[in-house]
Amino acid sequence: MVQKIVQVENLNLTYKSLRAVQNVSFSLKEGELLAIIGQNGSGKTSTVECIEGLRKPDSGSISVFGKDPWLHRSEIYQKMGVQLQETEYPSKIRVEEQCRLFASFYEKPADWNLLLSQLNLDSKRKSPVSKLSGGEKQRLSILLSLIGRPKLLVLDELTTGLDPEVRQNMWSSFKDIKENGISIIMVSHYLDEVEVLADKMLYLEKGKQLFFGSQQEFRAYAESIIPKSDWNADASLEKLYLQIAPKTKGLTMGGIYGE
């Protein structure tokens, strides 16, 4: 029987008067990758922070490895790797020093020298972290999330700032990670990435859960919303998402020139 790594039921979280997460429910099994999608402000990161034990929900329940992450965060973190959207490091620490520090937190850390090579950071091992490019810092954050040999990876904006070739290599790496039975929660704005990697999708808008299920089920969900005259069964997930997502106001050339 495949084990449920994460179970979330009727999750609610409020910031003052803002209902950031409203009655969200989903689960994640061993070896699955769940992609959480939605526009900025839809509640994606808030949901993930509750799973990580960084925020206490107002109501509902969360189980990670069978335990409440708010009450058992340190225990859960022995099995969880977290890659944050934005991470601050000590200004003068070097890449290899940061890797060695993280490895010291675990009894049986992964070989970070090998990870440096796999993530194309070997030439940066002597560099201060503050001198890395945005994409290099992103790769370092991913590397550090893997050092503890996690059973669950939480990735917030996995490939933001990475070159297309590096993004493709990362996709291949995370396919291998899934095949080894590691579960992954991935927050992403890139629907091409979701289409390649995701087993399940969680679609949030303004804190509300609009969809949870497989990619095939998401296509059926989109078909139920998109007018038949506009439906294309062969459309990419990105095109389907753009057809059903709330439209955002943007600048037009007319707006720029005051027309």
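Taken together, the values in this text are just the output of simple stated rules run on the coordinates, not laboratory data. Everything numeric here is computed off the predicted structure, so don't read it as measured data. Note that we place each Cβ from the backbone using ideal geometry, even for glycine, and neighbour counts take in every protein chain shown.
Here are the numbers for the structure shown:
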read-out: Scattering profile of region 96-242 at q = 0.09, 0.13 Å⁻¹ [log10 I(q)/I(0), Debye over alpha-carbon scatterers]; value: -0.36, -0.68
read-out: The chain: DSSP helices with Cα axial extent of at least 27 Å and average Kyte-Doolittle hydropathy no lower than 1.6; value: none
read-out: For region 1-92: relative contact order, % (alpha-carbon pairs under 8 angstrom, 6 or more apart); value: 29 percent
read-out: Cα-projected label distance for Asn12 with Ser229, points at 7 Å along beta-carbon direction, nm; value: 4.2 nm
read-out: Over region 1-96 - Rg/Rh using Cα atoms and the Kirkwood inverse-distance radius; value: 1.01
read-out: Segments 200-207, 61-68, 88-95 sorted - mean Cβ within 10 Å per residue, highest first; value: 200-207, 61-68, 88-95
read-out: Where labels lie 7 Å past Cα in the beta-carbon direction, separation of Ser172 and Glu217 in nm; value: 3.2 nm
read-out: With eigenvalues of the C-alpha gyration tensor scaled by 5 and rooted, region 32-184, Å; value: 25, 18, 16
read-out: Options [x] 33; [y] 29; [z] 22 - which one matches percent of Cα pairs over 30 Å apart as calculated here; value: [x]
read-out: Theoretical FRET efficiency, 1/(1+(r/R0)^6), r = Cβ-Cβ of His72 and Val196, R0 30 Å, to 0.05; value: 0.35
read-out: Region 54-121 - convex hull of alpha carbons, volume per residue in Å³; value: 133 Å³
read-out: Entries of Lys92/Lys175; Lys178/Lys239; Lys151/Lys175; Lys56/Lys206; Lys175/Lys228 with Cα pairs more than 23 Å apart; value: Lys92/Lys175; Lys178/Lys239; Lys175/Lys228
read-out: Residue-averaged 222 nm ellipticity for the chain, from DSSP H runs of 4+ at -39500 (n - 2.57), nearest 500; value: -9000 deg cm²/dmol
read-out: For region 194-202, Karplus couplings with θ = phi - 60° (6.51, -1.76, 1.60), whole Hz, Gly/Pro x; value: 4, 5, 6, 10, 7, 8, 10, 10, 10
read-out: Cα-projected label distance for Arg19 with Asn113, points at 7 Å along beta-carbon direction, nm; value: 5.5 nm
